[in-house]
């Protein structure tokens, strides 16, 4: 059953308020809409004035997701018959031409997602590593590929790279729904589709199954940690850039609290790590608090070595941006690296300005991530 027209109008007005007055007024409007207040009360607002996106973009996407969930719950209480979910139509995989950036579609019982695939020109049917890249909020595969320069690196180092695209229908700001219980578990929701995309590429190309990795930025970074923890037999290691730990949130309020650096109502149980992890986070990040990086590596607690990034290495600061590097190990011998980047905000370190949410200064997260990944193939 569709939401009624008054509710839809109220949500549109609330979204306009987000741009003109900010998230506080917009959130209040959503709450009024959900309480059944007439949408006309929201129309008394200032004229729309475009405003540059800021750090409330991700928070707003959570508000939208919560509103949609509550609206669906309301619809289920109605007596009208609900149509059965439509089963996605089967599709045929179209092989990508080496050196081309191709578009594909994956479907399973959880839904359908597009993805972009880059197979390097050097591919000659010999097994190559595969890296799954999960974009951040408001981004897409093309934007993320440009900002991280991963297609260029694929040619230089010889690997295949795939970029799942989040659907705007699933999240208004195209954030991966890392905080929803239905998208945090193996075989369900978005994890099932990302794993399915990974396996589809492995089926159609010669991939070294011991060198399959997953990485992401922000909400994509949080989902990368979900994938590492729910499919450790598939991924050899993960990179989380400016993200959050799997299990640190279970709904909208706890997601916002985690992003702000607040303590969770119940500390998530972090089992002994099964796979290596590399983490990057700026100490000036005001969108996702740096304490989340600490949470990601907390279970690597059997030993820690802290050093300043050496000036002669590939991660040397181009414009004076420094970093502190922690090399950590868990009791079972699994390794982690944690890069705290000084003065950096919510952006991919060392990225290209051709993409959004990038910081050209400082450590080159792409190069350091690849070094870490290729040094950690899956051993079992």
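Considering each residue of segment 116-153, count those that are under 15 Å from the mean Cα position of the chain (by Cα) and on the phi > 0 side of the Ramachandran plot, and give that number. Show your work before the answer.
Quick first cut of segment 116-153, residues under 15 Å from the mean Cα position of the chain (by Cα) only: 131-145, 147-148.
With the extra rule that they be on the phi > 0 side of the Ramachandran plot, the set shrinks to 138.
Going through segment 116-153 one residue at a time, the tally reaches 1.
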| note | Checked 189, 221, 182 against criteria (crowded, with 23+ Cβ neighbours inside 10 Å and over 24 Å from residue 380 (Cα atoms)); the one match is 221
| task | Six or more apart or on different chains, Cβ under 7 Å: which pairs go from a residue in segment 128-149 that's over 16 Å from residue 104 (Cβ atoms) and in the same structural domain as residue 206 (by TED's automatic domain parsing) to one that's modelled with pLDDT under 95 and in a helix (DSSP H, G or I)? Could you list them? | result | 137/57; 137/58; 137/61; 138/57
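Condition test on residue 335, is it surrounded by fewer than 22 Cβ atoms within 10 Å (Cβ to Cβ) and touching a residue at least 24 places away in the same chain (Cβ under 8 Å)? I'd like the intermediate steps shown before the answer.
Values: surrounded by fewer than 22 Cβ atoms within 10 Å (Cβ to Cβ): yes; touching a residue at least 24 places away in the same chain (Cβ under 8 Å): yes.
In short, yes.
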| task | For residue 344, state whether it is within 21 Å of residue 289 (Cα to Cα), touching a strand residue (DSSP E or B) at 6+ places or on another chain (Cβ under 7 Å), assigned to a strand (DSSP E or B) and modelled with pLDDT of 95 or more. | result | no
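Answer yes or no as to whether residue 358 is out of contact with any strand residue (DSSP E or B) (no Cβ under 6 Å at 6 or more places or on another chain) and at pLDDT 95 or above.
Numbers: out of contact with any strand residue (DSSP E or B) (no Cβ under 6 Å at 6 or more places or on another chain): no; at pLDDT 95 or above: yes.
Against the criterion (out of contact with any strand residue (DSSP E or B) (no Cβ under 6 Å at 6 or more places or on another chain) and at pLDDT 95 or above), residue 358 does not qualify.
Taking the residues in segment 302-332 that are surrounded by fewer than 15 Cβ atoms within 10 Å (Cβ to Cβ) and assigned to a strand (DSSP E or B) as candidates, determine which candidate is modelled with the lowest pLDDT. Give the steps one after another, and end with the answer.
Within segment 302-332, the subset surrounded by fewer than 15 Cβ atoms within 10 Å (Cβ to Cβ) is 302-308, 310-314, 318-320, 324, 327, 331-332.
Adding the requirement that they be assigned to a strand (DSSP E or B) leaves 303-308, 324, 327.
Working: 303: 92, 304: 93, 305: 94, 306: 91, 307: 86, 308: 78, 324: 96, 327: 97.
The residue in question is 308.
The values are calculated or read from the model by the stated rules, or taken from the named source; none is laboratory data. Keep in mind the model is a prediction, meaning the values are calculated, not measured. Backbone-built Cβ (ideal geometry, glycine too); neighbour counts: all protein chains shown.
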